[in-house]
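Asker: Let me begin by handing over the structure; questions about it come next.
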Amino acid sequence: MCGIVGYTGHRQAYPVILKGLKRLEYRGYDSSGVALLKDGVLNIYKKKGKVAELEESMIGKNIDAHIGIGHTRWATHGEPSDRNAHPHSSASGKLAMIHNGIIENYAQIKQELINKGYSFSSDTDTEVLLNFIEDIHKNNGSTLEEAVRIALKRVIGAYCILLIEQDNPDTIIAARKGSPLVIGIGKGEHFLASDASPIIEYTKEVVYVNDYELAIVKPDELILKNLGNEKITPYITKLDMELAAIEKGGYDHFMIKEIFEQPSTIHDCLRGRLDAKEGQIRMSGIDHNIEQLANASRIMIVACGTSWHAGLVAEYIIEELCRIPVEVEYASEFRYRNPIIHKGDVIIAISQSGETADTLVALEKAKENGAFIFGVVNAVGSSIARISHAGAYTHAGPEIGVASTKAFTGQLAVLMMMALNIAKHKGTITMDRYQTLVSELEAVPEKVSEILKGTEQIKAIAEKYKDASDFLFLGRGYNFPVALEGALKLKEISYIHAEGYPAAEMKHGPIALVDETLPVVFIATKDLYHEKVVSNMQEIKARKGKIISIVTQGDTHSPSLSNDYFAIPLADELIAPILTVIPLQLLSYYVGIAKGIDVDKPRNLAKSVTVE
Ligand code: F6R
């Protein structure tokens, strides 16, 4: 939710900021803007729409500056417009600020400022916080840094802010709570951003700023303090990421690049951990905590969206293999109800970004109650990774397309390895079954490559059904969550209404939707439930629904019931979801493309949901 970039140093600030904003556009793309400071003149430029529109509007403008801040917005307070775009300027015009997050008590602070005679030129909570800071700065005789500290102590909500001041030619003041901030350390320069992607081409040395920390950043100096004004030694980390990983590399969109990366991202996830020959899985986060995990009386999985779907697959797998009861919760529900959490309960948090606000707060709550938090996270060094007691990275690399693809298959691979390790330790799996699943898992990257060879076939199916107004996705058992994921992907990328259901549940309501115009996607691969799914297909066929099925290679019966089908290699039913989801990712991508949608940045969405 919103991407922020800042620069202070010897380079021209604008090109660094603009490039950074383009990399962060996945976080929001309603409007964008920059504030540039040179010789006591503070210029703010902003524009509704994507960063490319800002770039175009900047032609001929004065962009000469060595310090600046920039923002790409996902609207919370106030519609997407030029005037609600960031950076905002304070009443005196001397301060400019960008903000990622939500100030929950902004209305009260705004009223206080209005009573003092302030007026506002935007609908944002950001402008309120900025003028609150300026008011303290002017009237209390505080330095700007002190004023920021005082203001933030009053604020309820989440923020990452960057501030520059007209009279302070080289300093950026930054602070965070709940929204991410990374500072890149260069020679005589510093870079600030919501994630490392705008920084990576300049330096690999970064500091992840923690909640309630404030940074005073000059070209040659980085001072980190807590809100109590005590200095903190910055902990410098080396980035393990290459520039190529965040570029399109010849593909038209990040989404299709990321779908095609899956043979190698799944391989990377398994590499060094799974050894089929030795019949071993080694994962330090699991091995070091195996007693805690294996002795859990129950496991709760907390996540949102696609990550929640991975959690549902994990529920089925962990209960089957480890015989531990599992509950899967939407993080947004978990955090606001009064869940029963016992000391020693295991909570698995699943998150691609590691920054999802609902998941993060749910974990904080569970941690306070004594739960053991295990993070399954993709973004290295992210907030969820850092607050977890232990965890396992999915190693899918940066996921930039807004719709999650390779992160999902990475999550499934990690969760499968986790379940196998726990089951082996508990003795709830036979060695034969363990060995079969380990070997099956090792074969997944190759099978994914084989599925991707059929892309043209999926593209043709997508073009045939692109004008449908609704879709139904049906699956049973391990493939029921995949049906949910297929429906979510299609909604996001094509704006077609889609619903996922357990195939048998369809007759309890959704069957009323079926007529000759409704495409129904069945995940009908060979497994324990296959015959039952085939019966459900018959029920749809009898009502003239259009059946698109994902079947196992060699099956002839399911294709004979289908209008269109796509065959994938045979796999154990516990492993199948990692494969069955691939054609559904491709289907949504090609339907979106056929409809002319910007699939990497579909409307209203943002990649990293750092507001609740
Ligand atoms: C769907 C999608 C979202 C995310 C959800 C959770 O394609 O990307 O539904 O899965 O916002 O995000 P993370 O995994 O970053 O916590």
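The values are calculated or read from the model by the stated rules, or taken from the named source; none is laboratory data. From a predicted model like this one, the values you see are computed outputs, not experimental measurements. Methodologically, a virtual Cβ is constructed for each residue, glycine included, from the backbone with ideal geometry; neighbour enumeration extends over all protein chains shown.
Asker: Go through segment 1-96 and tell me which strands (runs of 3 or more DSSP E), entirely inside it, have 3 or more residues that are among the small types (G, A, S).
Answerer: Answer list for segment 1-96: 31-38.
Asker: Also: Give the residues of segment 506-520 that are touching a strand residue (DSSP E or B) at 6+ places or on another chain (Cβ under 8 Å) and part of a helix (DSSP H, G or I), sorted by residue number.
Answerer: If the condition is that a residue be touching a strand residue (DSSP E or B) at 6+ places or on another chain (Cβ under 8 Å) and part of a helix (DSSP H, G or I), then M506, P510, L513 are the ones that fit.
Asker: From I199, I183, I259, which residue is at pLDDT 95 or above, in a loop (DSSP other than H, G, I, E, B), under 21 Å from the mean Cα position of the chain (by Cα) and surrounded by 22 or more Cβ atoms within 10 Å (Cβ to Cβ)?
Answerer: I199
Asker: So, in segment 370-401, how many residues would count as being of a type in the set (A, V, I, L, M) and either within 14 Å of the ligand (Cβ to nearest atom) or assigned by TED's automatic domain parsing to the domain that holds Y235 (or both)?
Answerer: Summing the residues that are of a type in the set (A, V, I, L, M) and either within 14 Å of the ligand (Cβ to nearest atom) or assigned by TED's automatic domain parsing to the domain that holds Y235 (or both) in segment 370-401 gives 9.
Asker: Now for a separate question. Kindly evaluate A498 against the criterion of being outside any strand (DSSP E or B) and buried (at least 16 other Cβ atoms within 10 Å of the Cβ).
Answerer: no
Asker: Here's a check for you: in segment 409-431, which residue that is closer than 13 Å to V377 by Cβ and under 16 Å from the mean Cα position of the chain (by Cα) is farthest from the ligand (Cβ to nearest atom)?
Answerer: Checking each candidate, the answer is G410.
Asker: Search segment 318-369 for residues being modelled with pLDDT of 90 or more and on the phi > 0 side of the Ramachandran plot, and hand back the single one that is nearest to the ligand (Cβ to nearest atom).
Answerer: Per the criteria, the residue is G354.
Asker: Which pairs have Cβ atoms under 9 Å, sit 6 or more apart or on different chains, and link a residue in segment 273-287 that is more than 24 Å from I347 (Cβ to Cβ) to one that is in a strand (DSSP E or B) and hydrophobic (A, V, I, L, M, F, W, C)?
Answerer: From segment 273-287, the pairs are L274/I281; D275/I281; Q280/L274.
Asker: Another question about this same structure. Can you list the helices (runs of 4 or more DSSP H) lying wholly within segment 264-362 that have 3 or more residues being of a type in the set (D, E, K, R)?
Answerer: Ranges flagged: 305-322.
Asker: Can you go through A512, A504, A483 and tell me which one is over 30 Å from the mean Cα position of the chain (by Cα), in the same structural domain as N536 (by TED's automatic domain parsing) and within 14 Å of Y529 (Cβ to Cβ)?
Answerer: A504
Asker: Which condition number in (1) more than 16 Å from A296 (Cβ to Cβ); (2) within 11 Å of the ligand (Cβ to nearest atom) is the one that I451 fails?
Answerer: Among (1) more than 16 Å from A296 (Cβ to Cβ); (2) within 11 Å of the ligand (Cβ to nearest atom), I451 violates only (2).
Asker: Right, something else. Are any of the residues in segment 580-589 crowded, with 18+ Cβ neighbours inside 10 Å and in a loop (DSSP other than H, G, I, E, B)?
Answerer: no
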